[in-house]
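A.B. asks: So that we are looking at the same thing, I have put the structure below in structure tokens.
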Amino acid sequence: MIIAMGALIQAVLSEKFICPVRDVLWGHIYFTPELAALVDSVPFKRLHRILQLGPVYHVYPGATHTRASHSMGVYHLGRRLLQNLAERGMDGSVSPALISREGAMSFLCACLLHDLGHFPYTHSLKDLSLRSHESLTGAIILAEPVKSLVGNCGADPALTAAIIDRELSGGSGNTELFFYRKLLSGCFDPDKLDYLNRDARYCGVPYGVQDVDFILSRLIPCPERGIDIDSRLIPNVEAILFAKYLMYRTVYWHRQVRAATSMIKKALLEGLESKVIAGEELYGLDDQGLFALLGKKTGSMLAEAVWQGNFYAVAAEIPFIEADHAGLRDINRRSRYEEQLAEEFRRAGVPLGRGDLIIDVPEPVSFETGLFVVDEQCGFAESSSAFKTEILNSFVNTLYTIRIFVNSDFCEKIETMPGLSDILKGDKLWLRS
């Protein structure tokens, strides 16, 4: 059954959303009994044992919120997004998108379950040769018990999985798939609106706070692009882009956070390369399970140090230059460069052992601006915004910093080395691509 977007109010929004959960950020979040059963399922409960920001609580002690609370927040904003788009689509100024009740419920389930296959310890595993967490999420949704629970919600499990995992083609809701994917991934998607606000609240920083009520009230539904904006939302786009930049610079990529992340990544890479850990063993773990696996299988001192909060120190920070440092993006090749650099230090009298030095290169990050400004009849990049492409590129360039982390036992000796600058010169072999 396909219905005009305006009829959402009588269809999806008339569902019995009678099961409340109290959330620190959004107040009461309401579920139908069927959606509440999803929240109570074993696969979803794992998300309560995964910290949203991994090691960030070592720097910002309040950052102990979980993937579960974030997922419920994304669902809540997804529901509000549908409500507002339905109302905006009824005013006659735009062509209403055609959606189905089943499709709308599939979108709400996708919002709630989008991190179901997420790895533990934030993005420490992102660079490794593993299945993407979106792929793992899709597989969990298409398997029992989640498949039946999603079906009980009035949603299509195949469409729900395909909204999250773009490698899937979807089920009965193929005509709506592109629309829902655009809603779940973009500049004003419910995922970003929740995590920026939630992370800022729990970290106690002001940078991520967004005017969610105004943003949702001004979005315009578009079947082809998902959502459009008018020029009154340009300042809000600028705010969310700058907030994301500040959160990365001060929270997500704080030097201690990068140290912890790189140490876990190094321990996992060594375990995978030596084959004492199989990639499949890392799927479905929570934070504690990850550390237990590393301790049992590898006896890694790196993982134990991170667990105790003893992070490597920064020996040097170097701006990332694509022409010079492209080879460092490959985590497998990076190990060779680490050993070459460690050998330079050993020749200079610092007896670094295996694993005592780590080169950290942040993962790629993007600043999404793919919005169409209807009253200016152009894309955001060509609009009256002050945030032109070169400014956004400067955000990325500023954020990308190569850090050399070393075991703290050697930090003082390295800092006082007279030849440190020579070792870190850009013409050294380890910096070449």
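The values are calculated or read from the model by the stated rules, or taken from the named source; none is laboratory data. Since the model is a prediction, treat every value here as computed from it, not as a measurement. Here the Cβ is made from the backbone with ideal geometry for all residues, glycine too, and neighbour counts use every protein chain on show.
A.B. asks: Tally time: how many residues in the range 248-303 are part of a helix (DSSP H, G or I) and out of contact with any Pro (no Cβ under 6 Å at 6 or more places or on another chain)?
C.D. replies: Quick first cut of the range 248-303, residues part of a helix (DSSP H, G or I) only: 248-252, 255-273, 279-282, 287-297, 301-303.
With out of contact with any Pro (no Cβ under 6 Å at 6 or more places or on another chain) added as a condition, the list becomes 248-252, 255-256, 258-259, 261-273, 279-282, 288-289, 291-297, 301-303.
Count: 38.
A.B. asks: Which of the residues belonging to the range 25-70 are free of Cβ contacts under 8 Å to residues at least 60 places away in the same chain, in a helix (DSSP H, G or I) and among the hydrophobic types (A, V, I, L, M, F, W, C)?
C.D. replies: Matches in the range 25-70: ALA36, ALA68.
A.B. asks: Conditions: (1) in a loop (DSSP other than H, G, I, E, B); (2) surrounded by 14 or more Cβ atoms within 10 Å (Cβ to Cβ); (3) charged (D, E, K, R). ASP375 meets all but one. Number of the miss?
C.D. replies: Here ASP375 meets the rest and fails (2).
A.B. asks: Need the failing condition index for ALA278 against (1) of a type in the set (A, V, I, L, M, F, W, C); (2) crowded, with 16+ Cβ neighbours inside 10 Å; (3) over 14 Å from LEU53 (Cβ atoms), just the number.
C.D. replies: For ALA278, the exception is condition (2).
A.B. asks: Can you find a residue in the range 226-239 that is among the small types (Gly, Ala, Ser), surrounded by fewer than 19 Cβ atoms within 10 Å (Cβ to Cβ) and within 20 Å of THR64 (Cα to Cα)?
C.D. replies: No, there is no match, as no residue in the range 226-239 is among the small types (Gly, Ala, Ser), surrounded by fewer than 19 Cβ atoms within 10 Å (Cβ to Cβ) and within 20 Å of THR64 (Cα to Cα).
A.B. asks: Let me ask something additional. Here are some conditions: (1) farther than 23 Å from PHE395 by Cβ; (2) out of contact with any His (no Cβ under 7 Å at 6 or more places or on another chain). TYR202 meets all but one. Which one does it not meet?
C.D. replies: Going through the list (1) farther than 23 Å from PHE395 by Cβ; (2) out of contact with any His (no Cβ under 7 Å at 6 or more places or on another chain), TYR202 breaks only (2).
A.B. asks: Give just the number: which of (1) surrounded by 20 or more Cβ atoms within 10 Å (Cβ to Cβ); (2) in contact with a helix residue (DSSP H, G or I) (Cβ under 7 Å, 6 or more places away or on another chain) does HIS133 not satisfy?
C.D. replies: Of (1) surrounded by 20 or more Cβ atoms within 10 Å (Cβ to Cβ); (2) in contact with a helix residue (DSSP H, G or I) (Cβ under 7 Å, 6 or more places away or on another chain), only one is false for HIS133: (2).
A.B. asks: Are any of the residues in the range 274-284 closer than 30 Å to CYS187 by Cα and out of contact with any strand residue (DSSP E or B) (no Cβ under 7 Å at 6 or more places or on another chain)? Lay out the reasoning, then the answer.
C.D. replies: Step one: list which residues in the range 274-284 are closer than 30 Å to CYS187 by Cα, which gives 283-284.
Among the residues that remain, those that are also out of contact with any strand residue (DSSP E or B) (no Cβ under 7 Å at 6 or more places or on another chain) are: 283-284.
Yes, the conditions are met somewhere in the range 274-284.
A.B. asks: Same structure, new question: Sort through VAL350, VAL314 and tell me the only one that's part of a strand (DSSP E or B) and either out of contact with any Leu (no Cβ under 9 Å at 6 or more places or on another chain) or farther than 30 Å from ASP287 by Cβ (or both).
C.D. replies: Exactly one of VAL350, VAL314 is part of a strand (DSSP E or B) and either out of contact with any Leu (no Cβ under 9 Å at 6 or more places or on another chain) or farther than 30 Å from ASP287 by Cβ (or both), namely VAL314.
A.B. asks: Okay, next question. ALA381 passes all but one of (1) farther than 30 Å from LYS182 by Cα; (2) at pLDDT 85 or above; (3) within 25 Å of the chain's Cα centre (by Cα); (4) not in a loop (DSSP other than H, G, I, E, B); which number fails?
C.D. replies: (1)
A.B. asks: Go through the range 262-279 and give me each residue that's closer than 20 Å to GLU339 by Cβ and not aliphatic (A, V, I, L, M).
C.D. replies: Listed by number, the residues that qualify are SER262, LYS265, LYS266, GLU270, GLY271, GLU273, SER274, LYS275.
A.B. asks: For the condition assigned to a helix (DSSP H, G or I), buried (at least 19 other Cβ atoms within 10 Å of the Cβ) and of a type in the set (A, V, I, L, M, F, W, C), what is the one hit in LEU125, LEU149, LEU168? Steps first, please.
C.D. replies: Numbers: LEU125 fails: assigned to a helix (DSSP H, G or I); LEU168 fails: assigned to a helix (DSSP H, G or I).
On inspection, the qualifying residue turns out to be LEU149.
Each row is one residue, and each column tells you yes or no for (1) out of contact with any helix residue (DSSP H, G or I) (no Cβ under 8 Å at 6 or more places or on another chain); (2) crowded, with 20+ Cβ neighbours inside 10 Å; (3) not small (Gly, Ala, Ser).
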| residue | (1), (2), (3) |
| --- | --- |
| ALA260 | no, yes, no |
| SER274 | yes, no, no |
| LEU282 | no, yes, yes |
| PHE291 | no, yes, yes |
| LYS296 | yes, no, yes |
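A.B. asks: With respect to TYR245, determine if the residue is closer than 30 Å to LEU357 by Cβ and either buried (at least 17 other Cβ atoms within 10 Å of the Cβ) or in contact with a helix residue (DSSP H, G or I) (Cβ under 7 Å, 6 or more places away or on another chain) (or both).
C.D. replies: Values: closer than 30 Å to LEU357 by Cβ: yes; either buried (at least 17 other Cβ atoms within 10 Å of the Cβ) or in contact with a helix residue (DSSP H, G or I) (Cβ under 7 Å, 6 or more places away or on another chain) (or both): yes.
Yes, satisfied.
A.B. asks: For the range 175-219, which residues satisfy the criterion of being crowded, with 20+ Cβ neighbours inside 10 Å and not in a helix (DSSP H, G or I)?
C.D. replies: CYS187, PHE188, ASP189, GLY208, LEU219
A.B. asks: Then there is this: Looking at SER335, is it farther than 30 Å from LEU47 by Cα, surrounded by 14 or more Cβ atoms within 10 Å (Cβ to Cβ) and of a type in the set (Ser, Thr, Tyr)?
C.D. replies: On the way: farther than 30 Å from LEU47 by Cα: yes; surrounded by 14 or more Cβ atoms within 10 Å (Cβ to Cβ): yes; of a type in the set (Ser, Thr, Tyr): yes.
Judged against the criteria, SER335 is a match.
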